[in-house]
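The values are calculated or read from the model by the stated rules, or taken from the named source; none is laboratory data. Computed from a predicted model, the values in this text were never measured in an experiment. All Cβ positions, even for glycine, are placed from backbone atoms using ideal geometry, and neighbour counts span all protein chains on display. In case anyone asks, the SASA skips ligands and DNA or RNA and just uses the protein heavy atoms, side chains included. Shrake-Rupley method; radii C 1.70, N 1.55, O 1.52, S 1.80 Å.
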Protein chains: 2
Amino acid sequence: MDCGSFTLSEADIIAFASQYDPQPFHVDPVGAKDGPYGGLIASGWHTVSATMRKLVEFYVSAESGLGAAGVDEIRWPRPVRPGDTLHVRATVLEARRSSSKPDRGIVRGTVEVTNQDGDVAMTLTAINFVLLRDPSA
Amino acid sequence: MDCGSFTLSEADIIAFASQYDPQPFHVDPVGAKDGPYGGLIASGWHTVSATMRKLVEFYVSAESGLGAAGVDEIRWPRPVRPGDTLHVRATVLEARRSSSKPDRGIVRGTVEVTNQDGDVAMTLTAINFVLLRDPSA
């Protein structure tokens, strides 16, 4: 499922990281030039949070979504730089009824975020709870 | 390693979730009372981002930290509510030299966040890159 795209500006990246992940290569654009990434990059938590926004808009149901139990295997194979256009795709892997709570289902899905060059910037697998439309079915 | 504690206020929770995770139980304190959690709860991404702040303060080295390759098995077994005091502990599981880049090491560690009642609110496993102090050693 196509979940649209987003862009993080240099100011966005610095604002998020100043509050939540103030490592030099996330907050200091001048110093970051001599750092391990050759420039400022977004916190991985910023990328995942901005991705979540797109998932809420396109993928998570406001009526039946019950939140996430957890997330497996977040990978950031390529850094996210200011101005990158990041495209979000979500794919359902598995949907089954909860054995302990029969009015809900458990949906396992993968999310892939690619940049404007087609390089994968982030992947993750999420485990979400949903209310069943008809628990008696 | 003790990494201190943090608290998210109702205003903090709503501000983060309005931008990044606008599901009803994260942004609407009145509606959330009738929702699946019986009240407003923090976005899991907010909890993880606020935890990251403590890890940068106490655990990640500003001199040798090179960022994270990824994170495994984030779990949110209990919701985080406004005013909860959340305590962060990090434990190194494994540290080894990178086989592809011999000037760096790869550190695998777990992070556990517990609330004021001693209940576990979040766990995760992170895989971080670090520069070696003496690559010739």
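For the set A:Met122, A:Met1, A:Met52, solvent exposure ranked by accessible area (probe 1.4 Å, protein chains only) runs largest to smallest as A:Met1, A:Met52, A:Met122. Measuring between their Cα centroids, the stretch B:72-120 and the stretch A:115-137 lie 23 Å from each other.
The percentage of C-alpha pairs in chain A whose separation is greater than 21 Å is 47%.
Over the residues of chain A, the helix contribution to mean residue ellipticity at 222 nm works out to -6500 deg cm²/dmol, using -39500 (n - 2.57) for each DSSP H run of at least 4. Dipole check for chain B: with +1 at the C-beta of Lys and Arg, -1 at the C-beta of Asp and Glu, and the Cα centre as origin, the magnitude is about 480 Debye.
For the stretch A:3-36, chymotrypsin sites (Phe, Trp or Tyr not before Pro) are listed when DSSP marks them as loop and at most 14 other Cβ atoms sit within 10 Å of their Cβ; the list is empty. For chain B, the longest principal axis of the alpha carbon atoms and the long axis of helix B:10-20 meet at an angle near 70°. Looking at the stretch B:49-68, which residues lose a minimum of 50 Å² of accessible area between their chain alone and all protein chains in place, measuring with a 1.4 Å probe and not counting ligands or nucleic acids? So the qualifying set is B:Ser49, B:Met52, B:Arg53, B:Val56, B:Leu66. Overall, the ratio between the Cα radius of gyration of the protein assembly as shown and 2.2 N^0.38 Å, rounded to two decimals, is 1.01. Mind checking the angle between helix B:44-58 and chain B's longest principal axis? C-alpha axes, 0 to 90 degrees, to the nearest 10. With rounding to tens, the tilt is 40 degrees. Label-to-label distance for A:Asp117 and B:Asp28 is 4.3 nm, based on points extended 7 Å past Cα in the beta-carbon direction. Figure note: A:Leu132, B:Leu86 ranked by solvent-accessible area, largest first, 1.4 Å probe, ligands and nucleic acids not counted: A:Leu132, B:Leu86.
Using a 7 Å projection from Cα along Cα-to-Cβ, the label point at A:Gly39 is separated from the same position in the remaining copies by 4.7 nm, smallest value first. Of the accessible area of the protein assembly as shown, computed with a 1.4 Å probe over protein heavy atoms only, carbon and sulfur atoms account for 51 percent.
For A:Asp72, the label point sits 7 Å beyond Cα toward Cβ; its separations from the matching points on the remaining copies run 1.1 nm, from shortest to longest.
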